[in-house]
Amino acid sequence: MAITQTAISYYGLNYVEHAEQDFKEMIDHGCNTVILAITEFDMDFWFPSINKIVNKAKELGLKVILDPWGIGKFFGGEQVSLFLQNNINNRQVSALTGESLSFACFNTNSFRDYFQRICLKLARETDADGFFWDEPHYALPKSYASITGGSGEDWTCRCPICQGKFFDYYGYEMPKVMNDDVKQFRWREAMFILEDTSRKIKEIDSRFEITMCVHATLNSYYVTELRGYDNWDLVAASPYFDVFSTTIINWELPFDFFKHITQRTVEIAKKYNKPSERWIMNYYKQPSDFKMVDQVVDLYESLGVDRLAAWTYRGGYGTVLAAPDALKLWDRLGDNYRRVLGRK
Ligand SMILES: [Zn+2]
């Protein structure tokens, strides 16, 4: 199977006539899909422009996927969160210290409703082709696991809502030290918000395609990130997600790590008869030799990846997270996108 989709993310959804110029540049760079990173502020302030921008992209021939970027800091992303600004409750709580953190608890009805309202409004009022679940996660723990032991000791979420749900289900107080019940609880609750929202989006229009993108982590016998979506079988088996995607790998990591993650991504996607997607870092860092961009794209293609996606437009040019040679990196990505699609 050849690579059929070449996506680029894009933010700053302000003026349709400006977006139009950028979309043309994306098409010149071999992109056939745009992933619009939609912030809480965009929804609150720029909403009248969003569907105009969606329609302009489609008119130019791009597939359009909506990424509710960084909402409540549940998803990855640098954007600030109106939910956290406007709610002092419904936040994730550290199990060991009991402190509230600046991450919404996605197991509370308050945040679930807030998130779902955003997605369903987009589903009803735009003509996009799909949604992208972008690195959803619990605040803690993450990759400070060691090969000689488990992950870090602290974890989230032990807020009053999570504690109540845990007690109702297991019949004892939620422990402060993570055990197997806590692991299972975190996985199950984490799946609920995205499965329920995906189902309701598809009820509005079954053509909406849902891409589920999880962190590209080892999840081996020794090292597991435990951020809620690290059980790839559980995630990929869900009937509500159409595409299984794993996120960016830093260019500084060994080539074998790219290979390992990509093999596992393709294997899991195939197991559940779904297309696989691999991400490319097109911001912040760049390889010391740009040939590595070509090599990684070749690797992805040879291992049977169906779709490529890159973060972000113009290599992050103009932001604090621009790659050192942002526009050159963007051009190199474009060369590769055109190449894999068989375009000149
Ligand atoms: Zn909670």
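Read-outs: derived from the displayed coordinates by stated rules, not from any lab. Quick caveat, the model's predicted, so the values are computed rather than measured. All Cβ positions, even for glycine, are placed from backbone atoms using ideal geometry, and neighbour counts span all protein chains on display.
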What are the chymotrypsin sites (Phe, Trp or Tyr not before Pro) within region 163-231 that DSSP puts in a loop, where the Cβ has at most 15 other Cβ atoms within 10 Å? Y172, Y221, Y222
Quote the charge dipole size of region 213-284 about the Cα centre in Debye, to the nearest 20; the model charges only the Cβ of Lys and Arg (+1) and of Asp and Glu (-1). 160
Please compute the alpha carbon radius of gyration of region 1-57, then divide it by the globular-protein estimate 2.2 N^0.38 Å. Two decimals is fine. 1.19
Expressed as a whole percent, how much of the Cα-Cα distance distribution for region 187-227 exceeds 11 Å? 72
So how compact is region 1-159: Cα radius of gyration and Dmax in angstrom? 18.1, 55
About the Cα centre, and with charges only on the beta carbon of Lys, Arg (+1) and Asp, Glu (-1), how big is the dipole of the chain? Nearest 20 debye, please. 340
Give the value in nm², to one decimal: projected area of the alpha carbon convex hull of region 180-321, averaged over all directions. 10.2
Over region 52-124, consider all pairs of different Cα atoms and compute the Kirkwood hydrodynamic radius from their mean reciprocal separation; express it in Å, one decimal. 13.9
With a Cα-only, solvent-free Debye model of region 130-263, what are the log10 I(q)/I(0) values at q = 0.11 Å⁻¹? -0.46
For I248, I204, which order do you get if you count the other beta carbons within 10 Å of each Cβ and list the fewest first? I204, I248
Can you tell me what the convex hull of the Cα atoms of the chain projects to on average, as an area in nm²? 16.9
For the chain, what is the mean residue ellipticity at 222 nm derived from helices alone (per DSSP H run of n ≥ 4: -39500 (n - 2.57); sum divided by total residues; nearest 500 deg cm²/dmol)? -12500 deg cm²/dmol
Please give me the summed charge of the neighbours of V182: other residues whose Cβ is under 10 Å from its Cβ, Lys and Arg +1, Asp and Glu -1. +2
Give me S245, S49 ranked fewest to most by other Cβ atoms within 10 Å of their Cβ, as a rough exposure proxy. S49, S245
Full extension between E173 and E252 adds, at 0.36 nm per residue less the Cα distance, a length in nm of 24.1 nm
Of the DSSP beta bridges with both residues in the chain, give the percent that are antiparallel, rounding to the nearest 5. 5
By how many nm would the segment from Q184 to E20 grow when fully extended, if each residue of separation counts as 0.36 nm and the alpha-carbon distance is taken off? 54.5 nm
Each label sits 7 Å from Cα toward the beta-carbon; between D205 and N89 the label points are separated, in nm, by 3.7
